[in-house]
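The values are calculated or read from the model by the stated rules, or taken from the named source; none is laboratory data. As the structure is a prediction and not an experimental result, all values here were calculated from the model. A quick note on method: Cβ atoms are made from the backbone with ideal geometry, for glycine too, and the neighbour counts reach across all protein chains shown.
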Amino acid sequence: MGQLTGPTNPTTDANWADPQPRKGFFTDTSICIGCKACEVACKEWNHNPRDGDLQLLGSSYDNTGSLGASTWRHVAFIEQDGDRIEQARESGRALVGLGMPAVRSSAAPVDTTPPDTAEFRWLMSSDVCKHCTHAGCLDVCPTGALFRTEFGTVVIQADVCNGCGTCVAGCPFGVVERRDDGTYSTHASRPGQPEAHTEVPNHNVAQKCTLCYDRILEGQTPACAQTCPTTSIKYGDHDDLVAQARQRVGELHAQGMTEARLYGANELDGVGGTGSIFLLLDEPEVYGLPPDPRVPTADLPRMFNRAGIAAVGMLAAAALSFLTGRGTGRRR
Ligand code: SF4
Ligand code: SF4
Ligand code: SF4
């Protein structure tokens, strides 16, 4: 672990001798259609078991609910009425008024008709590990099971993880989870055929998105981005993606969608910015994302300073007590 907070290149910070350009995602939720192809592609490529019995939650067209040990991409479905849409636009206007970065599109005229209705909309968003610049999961892991790759991403080595779960508490986004279910059932493919019970891989160890480390080592695109039919998930060099994302926000603002905003692109935030950045159409909380994520180790220098001051104070008090005690003894 090198620098604990603030802007940095995580790959050079991890002392890679041959760092590669930082890789990441730009997930543009404004063009997600909620098809869940990304969820399925991730499960297929990584041999992750299904979560539950594929029942809808009852609150939306969602059956997984959140990221987890076996769901490394999760597509949220959020239903909004006209009032909520207007509130989102208002809060977006306030951000622009506060000087949030936005790039105006070029001289070409733009269609300023918002592409959604004013009365109703679905927000669909494919969430994933953020591959943080300062990754709480990695910083607190006691075994070194989590490591920073040469692409600046964060990967768990299942054979080194001892299942202690410290990383689960260290992640400010609630992404990483220990896989604690030992078997799963597959439905019978024919009537009368018994269900099969299959051993789940990596039982009892922490699990999360690897940003398809195995694929990007071979120069391939991660499975989720490769399969997304609308290009809502874009993969590439982190700096290029941030530039694309800023331009896209500017285009949406020009179309009247002032609610468009970026999440994770600010390197001055509590995690030094993220490798996975998102274009959202409402406040982060609406998508279940923390509005102000902070890596737990960011406070370590301040805590050490305070502990040092407290230790000096205790030593001074002990010395004073000793000297005072000796003086009292002499008087007796
Ligand atoms: S989002 Fe959580 S699990 Fe992913 S790199 Fe950041 S701290 Fe680790
Ligand atoms: S990058 Fe790979 S591991 Fe991560 S969500 Fe996409 S398909 Fe899954
Ligand atoms: S594959 Fe693309 S369009 Fe489909 S749910 Fe995932 S991000 Fe959305």
(message) Restricting to the range 45-97, count the residues that are part of a strand (DSSP E or B) and touching a Cys at 6+ places or on another chain (Cβ under 8 Å).
(response) 2
(message) Would you confirm, using the coordinates I've provided, whether Val242 is assigned by TED's automatic domain parsing to the domain that holds Arg179, touching a strand residue (DSSP E or B) at 6+ places or on another chain (Cβ under 8 Å), at pLDDT below 95 and surrounded by 18 or more Cβ atoms within 10 Å (Cβ to Cβ)?
(response) no
(request) Just need a number here: residues in the range 21-43 that are assigned to a helix (DSSP H, G or I) and within 16 Å of ligand 1 (Cβ to nearest atom). (result) 1
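For the condition modelled with pLDDT of 95 or more, in contact with a Pro (Cβ under 7 Å, 6 or more places away or on another chain) and not in a helix (DSSP H, G or I), what is the one hit in Pro229, Pro290?
Values: Pro229 fails: in contact with a Pro (Cβ under 7 Å, 6 or more places away or on another chain).
Result: Pro290 is the single residue among Pro229, Pro290 that is modelled with pLDDT of 95 or more, in contact with a Pro (Cβ under 7 Å, 6 or more places away or on another chain) and not in a helix (DSSP H, G or I).
Might you let me know whether the range 50-68 holds any residue that is within 16 Å of ligand 1 (Cβ to nearest atom), assigned by TED's automatic domain parsing to the domain that holds Val175 and either out of contact with any strand residue (DSSP E or B) (no Cβ under 7 Å at 6 or more places or on another chain) or within 16 Å of Thr231 (Cβ to Cβ) (or both)? Working first, answer last.
First pass over the range 50-68, keeping only residues within 16 Å of ligand 1 (Cβ to nearest atom): 66-68.
If we keep only those that are assigned by TED's automatic domain parsing to the domain that holds Val175 too, we end up with 66-68.
With either out of contact with any strand residue (DSSP E or B) (no Cβ under 7 Å at 6 or more places or on another chain) or within 16 Å of Thr231 (Cβ to Cβ) (or both) added as a condition, the list becomes none.
Within the range 50-68, none of the residues are within 16 Å of ligand 1 (Cβ to nearest atom), assigned by TED's automatic domain parsing to the domain that holds Val175 and either out of contact with any strand residue (DSSP E or B) (no Cβ under 7 Å at 6 or more places or on another chain) or within 16 Å of Thr231 (Cβ to Cβ) (or both).
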(request) Sort through Glu259, Glu267, Glu251 and tell me the only one that's touching a Gly at 6+ places or on another chain (Cβ under 9 Å), surrounded by fewer than 23 Cβ atoms within 10 Å (Cβ to Cβ) and not aromatic (Phe, Trp, Tyr). (result) Glu267
(message) Regarding the range 300-321, can at least one residue be identified that is within 30 Å of Gly68 (Cβ to Cβ), in a helix (DSSP H, G or I) and either modelled with pLDDT under 75 or within 30 Å of the chain's Cα centre (by Cα) (or both)?
(response) yes
(request) Among the residues of the range 205-227, write down those that are over 20 Å from Asp51 (Cβ atoms), of a type outside the set (A, V, I, L, M) and more than 16 Å from ligand 1 (Cβ to nearest atom). (result) Asp214, Arg215, Glu218, Gly219, Gln220, Thr221, Gln226
(message) Restricting to the range 118-163, name every residue that is over 30 Å from Met257 (Cβ atoms), part of a loop (DSSP other than H, G, I, E, B) and near ligand 1 (Cβ under 9 Å from one of its atoms).
(response) His134, Ala135, Thr153
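From Ser66, Ser60, Ser30, which residue is farther than 29 Å from Asp239 by Cα and of a type in the set (S, T, N, Q)?
Step by step, each of Ser66, Ser60, Ser30 is checked, and only Ser60 is farther than 29 Å from Asp239 by Cα and of a type in the set (S, T, N, Q).
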(message) Looking only at residues that are without any contact (Cβ under 8 Å) to a residue 40 or more places away in the chain and crowded, with 17+ Cβ neighbours inside 10 Å in the range 14-43, which one is nearest to Thr71 (Cα to Cα)?
(response) Lys43
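Which of the residues spanning the range 216-232 are more than 17 Å from the chain's Cα centre (by Cα) and either within 16 Å of ligand 3 (Cβ to nearest atom) or buried (at least 21 other Cβ atoms within 10 Å of the Cβ) (or both)? If you could, list the steps in order and put the result at the bottom.
First, the residues of the range 216-232 that are more than 17 Å from the chain's Cα centre (by Cα): 216-221, 223, 226-231.
Thr221, Ala223, Gln226, Thr227, Cys228, Pro229, Thr230, Thr231 - these are the residues of the range 216-232 that are more than 17 Å from the chain's Cα centre (by Cα) and either within 16 Å of ligand 3 (Cβ to nearest atom) or buried (at least 21 other Cβ atoms within 10 Å of the Cβ) (or both).
Please work out if Tyr235 is in contact (Cβ under 8 Å) with a residue 24 or more places away in the chain, of a type outside the set (D, E, K, R), buried (at least 18 other Cβ atoms within 10 Å of the Cβ) and touching a Gly at 6+ places or on another chain (Cβ under 8 Å).
Yes.
Considering the range 35-61 alone, what residues qualify as being more than 13 Å from ligand 2 (Cβ to nearest atom) and closer than 17 Å to Glu177 by Cβ?
From the range 35-61, those more than 13 Å from ligand 2 (Cβ to nearest atom) are 35, 49-61; that's our starting set.
Of everything in the range 35-61, those that are more than 13 Å from ligand 2 (Cβ to nearest atom) and closer than 17 Å to Glu177 by Cβ turn out to be Pro49, Arg50, Asp51, Gly52.
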